[in-house]
Amino acid sequence: MFNRNKLFYGSCLALLTTAFAFTVISGIAFSIKQEFTLTNAQLGVFTGVFFIGFTISQAIFSPLCDVIGMRWIVRGAFVGHVAGAILIMSAQGYVMAVSGSLLAGMGAGLVEAGCNPLVAALYPDNKTSKLNHFHMWFPYGNLIAAIILTLIFAGLGMGWRSQLTLILIPALGYGVMMLVEPYPLTEGVSAGISVGESFKALFAPIMLIMMPLMLLTASMELPPSSWVPPVLQAGGINGLLVFGFVFGIMGTLRLLAGPVVRKLTPTGILFAGAVLATLGLYLFSYAETMLMAFLTAAIWAVGIAYFWPTMLGFVSERNPKSGALGLGVMGAIGMLASFIVTPWLGGIADEKGHATLNTAETVAVFESVTSEFPDIAANAGAQAADIQGVIDAVASVMADYNSSGELPEGSTMQALRAVTGSGVDSPVVGEAGAILNPADNTGGRLSFRTLAPFGLILVVVFGILLIQDRRAGGYRAKKLGREDHNG
């Protein structure tokens, strides 16, 4: 016989591990960019590939959940979390770091693929509330990780590699609790629903509506979240504190999901969330001070707080035949959107940031590099090759500038990053940072402003669904029983 409390709290610990992985990867992004001299688009791939790993594992294993069982999926999650953290920790280059982020993302996806149907099976009569309680450990995990990274790791001056050990602690915890524990059957198996019937349920009208909406709700939540620390940090604001503040709000609201769900219904929650998320993200793009960052982030946080678990709960309650497969497909779609949108935001940030550069100041910095760095490289020993790479990047930009009269988009920002990350003891490094950081901050905030209007689609569609529910006499969840299957 399975232990319901042990499995539920083990699932929460597994999601806490995912949150720690997400926070650490987002938190070390600025350091990764400097160490490996990355563009914003490349950095977007490093953080975004976490989401594609999530999508891959969800797409492959969610259809198999009813066949191989949830325990094997959770075991795979454990392997992905641990292997991904170790790979990033030992990375000697960009490709290795990206591979580790991919593996960690696959572990995160397997947590969703295994634990979402597990929570639904453990609490069949209270799915939306318990899924919110389960998913509160993602934002709370981000908050806890942000506090630990800020107060302990940063306070002790520990490098970005050491921060990855934070992922291993909860991973070992849920491994002990869940890897050998007996599990219940999924709801679909208990009700005699075949895999074929679950696939057929994916094409129910409500699923055809909710799947594209999952693209948008996830895009409003996860990609901006991963950009918050580096964007605000570039503007002189402690982005990790704002990051933790956002997820603290989200976790607390999910903790209180029970009465909120009863009062507003899942459809009402999604509509209200769409309004606040759209408004908050738009206002957040204007945050140039710490106070404005916290105030506007709070509105956005309230808006996105219930999106992910309530979308899953809505589908599980209104289309229960889709079962574990439906939950997995929704999660995979959400993370696929995140993978697409995260580097897209990075590209917008590069474009908008470039437009803010002062040409005369930037050229002056590059001319100083051209005159100073060759002599420094000649006496740099093992660092000579790296400094020569900076010289070459600057020379390429200056060649384009001298031929066209304009600084080339993309490579100019990259050359400034190369200078700031060179480690050379020269005033020109600080001058390059004084130009680059405001551009990165402005570009990042403008990328948020570009994304915000897509939330209006959510406002309209969720509003229509809410009106339909009220005309039908209120929100009604469907129950799944043996008589529901077609065999």
Next on the checklist: Looking only at region 318-338, count every residue that is closer than 16 Å to LEU185 by Cβ and out of contact with any Ser or Thr (no Cβ under 8 Å at 6 or more places or on another chain) and tell me the total.
Outcome noted: 1
Checklist outcome for this item: Pairs returned, first residue in region 391-412 that is under 19 Å from ALA439 (Cβ atoms), second residue that is in a loop (DSSP other than H, G, I, E, B) and hydrophobic (A, V, I, L, M, F, W, C), beta-carbon separation under 6 angstrom, 6 or more apart or interchain, are TYR401/LEU407
Checklist entry - Among the listed residues VAL246, VAL228, which satisfies the condition of being farther than 17 Å from GLY273 by Cβ and open to solvent by less than 10 Å² (accessible area, probe 1.4 Å)? => result VAL228
Checklist entry - Within region 159-166, can one find any residue that is free of Cβ contacts under 8 Å to residues at least 60 places away in the same chain, farther than 25 Å from GLY313 by Cβ, of a type in the set (Phe, Trp, Tyr) and open to solvent by 10 Å² or more (accessible area, probe 1.4 Å)? => result no
Checklist entry - So how many residues does region 421-434 have that are open to solvent by less than 30 Å² (accessible area, probe 1.4 Å) and either in contact with a Cys (Cβ under 7 Å, 6 or more places away or on another chain) or outside any helix (DSSP H, G or I) (or both)? => result 3
Item to check | Breaking point among (1) of a type outside the set (Ser, Thr, Tyr); (2) modelled with pLDDT under 90; (3) surrounded by 20 or more Cβ atoms within 10 Å (Cβ to Cβ); (4) more than 30 Å from ILE237 (Cβ to Cβ), for ALA418 | outcome: (4)
Checklist entry - Has region 401-411 got at least one residue that is buried (at least 19 other Cβ atoms within 10 Å of the Cβ) and part of a helix (DSSP H, G or I)? => result no
Checklist entry - Of the residues ALA452, ALA382, ALA377, which is under 25 Å from PHE284 (Cβ atoms), in a helix (DSSP H, G or I) and either of a type in the set (A, V, I, L, M, F, W, C) or open to solvent by 30 Å² or more (accessible area, probe 1.4 Å) (or both)? => result ALA452
Checklist entry - Would a scan of region 89-112 turn up a residue that is in contact (Cβ under 8 Å) with a residue 60 or more places away in the chain, touching a Gly at 6+ places or on another chain (Cβ under 8 Å), part of a helix (DSSP H, G or I) and over 28 Å from TRP300 (Cβ atoms)? => result yes
Checklist entry - In the list LEU215, LEU131, LEU179, which residue meets the criterion of being within 18 Å of ALA305 (Cα to Cα) and open to solvent by 20 Å² or more (accessible area, probe 1.4 Å)? => result LEU215
Checklist entry - What is the one condition in (1) of a type in the set (S, T, N, Q); (2) open to solvent by 10 Å² or more (accessible area, probe 1.4 Å); (3) over 30 Å from ALA439 (Cβ atoms); (4) within 27 Å of the chain's Cα centre (by Cα) that SER190 does not satisfy? => result (4)
Checklist entry - How many residues does region 17-35 contain that are open to solvent by 10 Å² or more (accessible area, probe 1.4 Å) and closer than 9 Å to ILE167 by Cα? => result 1
Checklist entry - Hey, ILE304 hits all of (1) among the β-branched types (Val, Ile, Thr); (2) more than 21 Å from THR252 (Cβ to Cβ); (3) open to solvent by less than 50 Å² (accessible area, probe 1.4 Å) but one; which does it fall short on? => result (2)
Checklist entry - Among PRO309, PRO343, which is the only one that is within 21 Å of GLY455 (Cα to Cα), open to solvent by 10 Å² or more (accessible area, probe 1.4 Å) and within 18 Å of the chain's Cα centre (by Cα)? => result PRO343
Item to check | Lone qualifier among VAL341, VAL365, VAL315 - being under 30 Å from LEU185 (Cα atoms), of a type in the set (Val, Ile, Thr) and in a helix (DSSP H, G or I) | outcome: VAL315
Item to check | From VAL369, VAL365, VAL275, residue being surrounded by fewer than 21 Cβ atoms within 10 Å (Cβ to Cβ) and out of contact with any Ser or Thr (no Cβ under 7 Å at 6 or more places or on another chain) | outcome: VAL275
Next on the checklist: Let me spell it out: the conditions are (1) under 26 Å from GLU112 (Cα atoms); (2) under 22 Å from the mean Cα position of the chain (by Cα); (3) at pLDDT 95 or above, and MET250 meets all of them except one. Which number is the exception?
Outcome noted: (3)
Item to check | Every residue from region 241-294 that is within 22 Å of GLU317 (Cα to Cα) and β-branched (Val, Ile, Thr) | outcome: VAL260, VAL261, THR265, THR267, ILE269
Checklist entry - Regarding ALA287, is this residue in contact (Cβ under 8 Å) with a residue 12 or more places away in the chain, part of a helix (DSSP H, G or I) and of a type outside the set (Ser, Thr, Tyr)? => result no
Item to check | Residues of region 55-70 satisfying the condition of being part of a helix (DSSP H, G or I) and either surrounded by 18 or more Cβ atoms within 10 Å (Cβ to Cβ) or free of Cβ contacts under 8 Å to residues at least 40 places away in the same chain (or both) | outcome: THR55, ILE56, SER57, GLN58, ALA59, ILE60, PHE61, CYS65, ASP66, ILE68, MET70
Checklist entry - So, of the residues in region 36-54 that are modelled with pLDDT of 85 or more and more than 11 Å from GLY107 (Cβ to Cβ), which turns out to be surrounded by the most Cβ atoms within 10 Å (Cβ to Cβ)? => result PHE46
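The values are calculated or read from the model by the stated rules, or taken from the named source; none is laboratory data. It should be emphasised that the depicted structure is a prediction, and the values quoted were computed from it without experimental measurement. All Cβ positions, glycine included, derive from the backbone under ideal geometry; neighbour counts span all protein chains shown. Only protein heavy atoms, including side chains, enter the accessible area calculation; ligands, DNA and RNA are left aside. Shrake-Rupley method; radii C 1.70, N 1.55, O 1.52, S 1.80 Å.
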